[in-house]
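Student: Sharing a structure with you now.
What follows draws every value from the coordinates through simple rules; no lab data is involved. Everything numeric here is computed off the predicted structure, so don't read it as measured data. When we count neighbours, we look across all protein chains shown, and the Cβ atoms used for this are built from the backbone with ideal geometry, even at glycine.
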C-alpha cells in the first residue's frame, strides 16, 4: 500500500510538473502572441497616422496652390479681364483637392477603426463617410450646373 501511495504521489508530482510546464509553455506562447498583436496594433496606428497626415497635406497643398492662383486671377480681373470661367475651373480644382484629402482621411479612419471596432468608432466612421458623400454630391452638382454669367465691362 505504501508503494501505491508513493506511486500515486509520484504520479501526482509528474502530472503536477507536466501541468506546470504546460502552463509555462502556454503563458510564453500567449506572451508571444500578445507581443505580436501589440506590434501589429502599433504598426496599424502608424499607418493610420501616415494616411491621415497625407490627407491633411493634400488639403493644405490644394489650399496653398488655389490661393496663389486665386490672387493671380483677381489681379487679372482688376485689370479688366473676364475670369469667370477660370475661377470656376479653379473652384473645381480646389474641390478636387478637398475631396482627395477627405478620402485619405476616411481611409485613415477605416484603418483606425480596424484597431478598435466598437460601436462608437463605427458610428463616427459612418458619420464621416455620410458627410463626405453629401459634400461630394453637392460639390459635383454645383460644378456641373453652375455657369458663368458674362461680366459687364467696368469703366
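Student: Expressed as a whole number of Å, what is the distance separating the alpha-carbon centroids of the stretch 31-91 and the stretch 116-140?
Tutor: 18
Student: A follow-up question, please. Provide the gained length on full extension for the span residue 135 to residue 44, in nm with one decimal, where the gain is 0.36 nm per separating residue minus the Cα-Cα distance.
Tutor: Answer, rounded to one decimal: 30.0 nm.
Student: Using 0.36 nm per residue of separation minus the Cα-Cα distance, give me the extension gain between residue 82 and residue 122 in nm, one decimal.
Tutor: Extra length from residue 82 to residue 122 when fully extended: 9.6 nm.
Student: Still on this structure, I have one more. Obtain the nm distance between the two label points defined at residue 60 and residue 110 by a simple spin-label model: each point lies 7 Å from its Cα along the Cα-to-C-beta direction.
Tutor: Modelled inter-label distance: 2.5 nm.
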